Ligand code: SP5
Ligand code: ZN
C-alpha cells in the first residue's frame with residue numbers, strides 16, 4: 001500500500017546555531033540535516049512525497065494565541081541574528097532566528113495538511129515536520145518548538161470525532177498536555193523519560209491526569225534512564241490499551257526518535273530494529289493515523305529509524 005509523506009524544504013530557512021545549556025553556548029542539535037536525512041531515504045521509494053497547502057491564520061489561532069503568533073512573526077522578521085530567551089519562551093534552547101516564523105508556519109502546515117489527508121480517507125500519513133512542536137503551548141515556545149504541530153492536527157481531527165495523541169518522543173510533550181488538559185475529546189498518552197532527570201523537568205509525572213472534564217484523559221508513563229526494548233514495549237502496550245478503551249476515531253502519533261540508543265541527548269536503550277516493533281504495536285490499534293515528526297538528533301541514522309517505524313505501522317494494513 002502507498003503511504004503519503006507531507007514535506008516542504010522550506011524548513012531549511014530555520015537553522016539555529018546555538019543554545020545556552022548549563023551555563024554555556026553549545027552547538028544546536030535541531031538542524032536542517034535532520035529532516036533532509038529523513039526525506040532522502042524516501043526519494044525513489046513507493047511512498048509519495050506531497051507538498052502542504054499553507055495553513056490559514058484562523059486555523060493557527062485555534063491552537064495558539066494571536067499575540068504569540070504575531071510576536072514570533074515580528075521578532076523573527078526583524079532580527080538580524082538569532083537570539084535566545086524572550087517573554088514568550090520558557091527556556092534558553094529555542095532561539096528566534098530569521099527563518100523561525102516561516103519554517104514554523106510551514107511545519108504547522110505540514111501537520112494540518114497531513115490531518116486533512118487522513119480526514120479525507122487516507123489510513124496512514126507521515127507529516128515530516130521541522131521544527132518540532134510538542135513542547136509549545138498556546139503562548140510559549142521551548143524545547144526547540146514554536147507551534148504545536150500535533151495539537152494543530154488533533155484540533156482539526158476533533159471536528160470529526162474523538163482523537164487520541166500518542167507521544168513517543170523521549171521528552172514529555174508539556175505543550176500538548178497543557179493544550180488538552182481540560183478536554184475529554186482529545187486523549188493524551190505520553191511515554192517519556194522521567195522528568196525528575198530530563199527536560200522539561202516540570203511536567204510529565206504520573207500524577208498529572210487532567211482537570212475538570214479532562215480528568216482521566218491525560219496519561220503519563222515516565223520511564224527510567226537506560227530503559228530497554230522489553231520494558232519500553234511493555235509500557236507502550238499499556239498506553240495502547242488505554243487508547244483502545246477510549247475508542248477514538250483518529251490517532252496522532254507524536255513521533256520523536258530521540259529514544260534511539262545513539263541519540264546525543266536521549267538516554268534510552270532502543271536499537272534501530274526496535275522501531276519496527278513500536279510501529280507494529282501501534283498499527284494494531286487499526287486507526288486512521290497521522291504520524292507527526294517531533295525530536296530525534298542522531299542525524300545520520302534518522303532515515304533508517306523513520307523507515308523502520310513506518311514499515312511497522314504499515315504491516316497490518318492492506
Ligand atoms: C522536540 C525535542 O526533542 N526537544 C528536546 C529539547 C530538549 N532540550 C534540552 C536539553 C538540551 C541539551 N542540549 C545539549 C546539546 C549538547 N551538544
Ligand atoms: Zn525530544
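The values are calculated or read from the model by the stated rules, or taken from the named source; none is laboratory data. The structure presented is a predicted model; accordingly, all values stated were derived computationally and were not measured. Cβ coordinates were reconstructed from backbone atoms using ideal geometry, including for glycine residues, and neighbour counts include every protein chain displayed.
General remarks:
- Members of the range 163-197 found to be assigned to a loop (DSSP other than H, G, I, E, B) and more than 15 Å from the chain's Cα centre (by Cα), listed by number: 181, 182, 183, 184, 185, 194, 195, 196, 197
- Note on the range 198-221: residues that are more than 16 Å from ligand 1 (Cβ to nearest atom) and either part of a loop (DSSP other than H, G, I, E, B) or touching a residue at least 60 places away in the same chain (Cβ under 8 Å) (or both) total 10.
- Here residue 240 clears all of (1) without any contact (Cβ under 8 Å) to a residue 60 or more places away in the chain; (2) farther than 27 Å from residue 16 by Cβ except the condition numbered (1).
- Hey, residue 57 under 30 Å from residue 301 (Cα atoms) and either modelled with pLDDT of 95 or more or surrounded by 12 or more Cβ atoms within 10 Å (Cβ to Cβ) (or both) or not: no
- Residue 250 satisfies every condition listed in (1) under 27 Å from residue 104 (Cβ atoms); (2) within 16 Å of ligand 2 (Cβ to nearest atom); (3) crowded, with 19+ Cβ neighbours inside 10 Å except (2).
- Residue 256, sole failed condition from (1) within 16 Å of ligand 1 (Cβ to nearest atom); (2) touching a helix residue (DSSP H, G or I) at 6+ places or on another chain (Cβ under 8 Å): (2)
- Taken over the range 155-197, residues that are within 17 Å of residue 263 (Cα to Cα), within 13 Å of ligand 1 (Cβ to nearest atom) and in contact with a strand residue (DSSP E or B) (Cβ under 9 Å, 6 or more places away or on another chain) amount to 7.
- Selection status of residue 35, in contact (Cβ under 8 Å) with a residue 60 or more places away in the chain and crowded, with 23+ Cβ neighbours inside 10 Å: yes
- Between 101, 71, the distinction of being assigned to a helix (DSSP H, G or I), surrounded by fewer than 24 Cβ atoms within 10 Å (Cβ to Cβ), modelled with pLDDT of 95 or more and over 18 Å from the mean Cα position of the chain (by Cα) belongs to 71 only.
- Top-ranked residue in the range 138-162 [being surrounded by 24 or more Cβ atoms within 10 Å (Cβ to Cβ) and in a strand (DSSP E or B); ranked as farthest from the chain's Cα centre (by Cα)]: 141
- Boolean, residue 88 is within 16 Å of ligand 2 (Cβ to nearest atom), modelled with pLDDT of 95 or more and touching a strand residue (DSSP E or B) at 6+ places or on another chain (Cβ under 9 Å): no
- If the condition is being touching a residue at least 60 places away in the same chain (Cβ under 8 Å) and more than 12 Å from ligand 2 (Cβ to nearest atom), then the range 177-196 contributes 179, 187.
- Flag if residue 301 is in contact (Cβ under 8 Å) with a residue 40 or more places away in the chain, in a loop (DSSP other than H, G, I, E, B) and either within 16 Å of ligand 1 (Cβ to nearest atom) or more than 16 Å from the chain's Cα centre (by Cα) (or both): no
- Against the criterion of being closer than 23 Å to residue 298 by Cβ and within 20 Å of the chain's Cα centre (by Cα), residue 52 does not qualify.
- The set of residues from the range 24-58 being within 18 Å of residue 101 (Cα to Cα) and either touching a helix residue (DSSP H, G or I) at 6+ places or on another chain (Cβ under 6 Å) or part of a strand (DSSP E or B) (or both) comprises 32, 35, 52, 53, 54, 55.
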